[in-house]
Amino acid sequence: MRNCNFFIVVTRNYVLIFRNYGSQCDRSYAVTTPQFHRNETYGHYLPLTTFPSGYRLTHCTACWKIGHMRDKSQSPVSCRKCLGPYTNGVNHSCQNDTFICAQCGGNHFSLDSICPVVKKYREELKLAVDKALTSGAIKRPAPGEAPRPFQQQTNDFSFLNQGQVISRPAWTTSDTESLHSNLKQEMIDLVVTIKALSDTMIRTEKSFNDLNNRIEVPHKSTILHCNSICAIIDTVQIMSSWVQGWGTRALEVMDLIFKTDSPVCVFTEVGKLWNSFKVPHFTSFYQKGTNHSGGVMITIGKHLRATRIDTDIENTVIVDIHGLSEQIRIIVKGTILTSDFNATLDEWGSQSTDRRGDSLKKWIEENELTFIPINSHSSKRSDSHIDLTFTNLNRAENETIFYGSSDHWQAVLRSQSIGFISNGFFSNIDWTIYQTILVLLENFWINEQKKETIAHWYQCYVCFLAALKRRLTR
């Protein structure tokens, strides 16, 4: 503040929103200072942090009263706004927005200049300062007076113990050649490591190539084996028919079986005369119904092996079919459920939904079965789908067969996921290994021939060849 001569407070007869202090920081704006002995400016300083003028008073930061400091106070630390004491040093939150003055109890800060106690304290302080200046106890520096130089007194600043001072260089220096040598050695080690890693990667790549070659041979063999099986597997067709009396329609049903070439057939409402006519080359499984015209029957071709699951439920037959590429059984991985349920549901192709349709849909969803749609309605008297088929097999399709004299059309289910094996499959023997083992054991069998008789040796040799072939057969 070399450009300012002195500061004085400019007193106005009207109220301003700020105080005016005469101060200048530039000599070009202070040309009137020698003439008027003051410089009035209508501005104010903007400090970075708020510094109320009341903080220049001698006050206590615990009880916020003037006249003493905090080290002389006997009161607990209190809030500057509401004078509420702090508890255990935790953050304080004022209950309302009112202020309480520690001097007079008014609605303002304790050190605010509008407080009458603070005003009186300042007036008394000003009179005491003027009295001290008059008596010469203190002296106000005159304008232009050079400041008194600093004079250090004895023992103002004590010296440090030299024995406790540890001298360290400000910068750590090292020999340049030693540093370059260390860096060079590290580079050499890094090159050696990279080369070793490269060699390891080359060996790993060769190992992977050998492994791929080894895997490729069994893979091709497996593909050939699967193709051989697929060439001799026929797709299974399952027929569902509502007979409405087996005695009068037996020949019609037999004609339908051979027309559709279905090895698995499901017949409903066969009646009590189900045993009056046997379907040739088929095994029949029957379960009585609830009335004289009821009853269901499943016929399985004799080239397949079927096992009946015992159950006492009327109109229900459960059969395990063996000899297929996938086992078919009720409510397992491969399940086919077909019958005349007399249940209608609009999303199954019927015109309406009844209570039995809702119950059947809930049961089907609980057992994770899927409805197989059909290309036409199964009822001849309406457009409803009465004969329904459900399964959890993939790639299944249902087709209506417009044949027969009953009031239901017949249905045939086809699935590419299952089939029956009619002739078995070809065995695959690794003849290369077979020949190699015989060459390696040639001397052994020649020596054994000298020890035993020809008949006994021949019997052992034939057993060995049969065991070796069985071991190398996939």
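The residue list TYR86, TYR42, TYR121 contains one member that is modelled with pLDDT under 80 and not aliphatic (A, V, I, L, M), which is TYR42.
Consider region 450-470 and keep the residues that are among the β-branched types (Val, Ile, Thr) and either at pLDDT below 85 or part of a helix (DSSP H, G or I) (or both). The one that is surrounded by the fewest Cβ atoms within 10 Å (Cβ to Cβ) is ILE454.
Can you find even one residue in region 420-428 that is at pLDDT 80 or above and either closer than 27 Å to LYS302 by Cβ or exposed (fewer than 13 other Cβ atoms within 10 Å of the Cβ) (or both)? No; the residues of region 420-428 include none that is at pLDDT 80 or above and either closer than 27 Å to LYS302 by Cβ or exposed (fewer than 13 other Cβ atoms within 10 Å of the Cβ) (or both). Taken over region 96-127, the criterion of being in a helix (DSSP H, G or I), under 14 Å from LEU57 (Cα atoms) and hydrophobic (A, V, I, L, M, F, W, C) is satisfied by VAL117, VAL118, LEU125.
Residue pairs whose Cβ atoms lie under 8 Å apart, separated by 6 or more positions or on different chains, with the first residue in region 274-285 and closer than 17 Å to ALA306 by Cα and the second modelled with pLDDT of 80 or more and among the charged types (D, E, K, R), are PHE285/ARG308. In this structure, LEU224 does not qualify as modelled with pLDDT under 80 and surrounded by 13 or more Cβ atoms within 10 Å (Cβ to Cβ). Counting only residues that are assigned to a loop (DSSP other than H, G, I, E, B) and either modelled with pLDDT of 70 or more or of a type in the set (Gly, Ala, Ser) (or both), region 301-340 holds 15 of them. Of all residues in region 59-76, those that are surrounded by fewer than 12 Cβ atoms within 10 Å (Cβ to Cβ) have Cβ atoms under 8 Å from Cβ atoms of residues that are of a type in the set (S, T, N, Q), 6 or more apart or on another chain, in MET69/THR58. Looking only at region 299-312, decide whether some residue is closer than 21 Å to ALA411 by Cα and over 53 Å from the mean Cα position of the chain (by Cα). Among the residues of region 299-312, not one is closer than 21 Å to ALA411 by Cα and over 53 Å from the mean Cα position of the chain (by Cα), which makes the answer no. Against the list (1) out of contact with any helix residue (DSSP H, G or I) (no Cβ under 9 Å at 6 or more places or on another chain); (2) surrounded by 10 or more Cβ atoms within 10 Å (Cβ to Cβ), the condition CYS115 fails is (1). Just one of the listed residues (ALA343, ALA411) is assigned to a strand (DSSP E or B), buried (at least 20 other Cβ atoms within 10 Å of the Cβ) and in the same structural domain as VAL296 (by TED's automatic domain parsing), and it is ALA411.
Filtering region 260-282 to residues that are more than 26 Å from THR389 (Cβ to Cβ) and within 55 Å of the chain's Cα centre (by Cα) leaves nothing. Within region 365-382, identify whether any single residue is in contact with a Lys or Arg (Cβ under 9 Å, 6 or more places away or on another chain) and either surrounded by 14 or more Cβ atoms within 10 Å (Cβ to Cβ) or modelled with pLDDT of 80 or more (or both), and answer yes or no. Yes, region 365-382 contains at least one residue that is in contact with a Lys or Arg (Cβ under 9 Å, 6 or more places away or on another chain) and either surrounded by 14 or more Cβ atoms within 10 Å (Cβ to Cβ) or modelled with pLDDT of 80 or more (or both).
The values are calculated or read from the model by the stated rules, or taken from the named source; none is laboratory data. What you are looking at is a predicted structure, and each value in this text was computed from that prediction instead of being measured. Neighbour counts run over all protein chains shown; Cβ positions are idealised from the backbone, glycine included.
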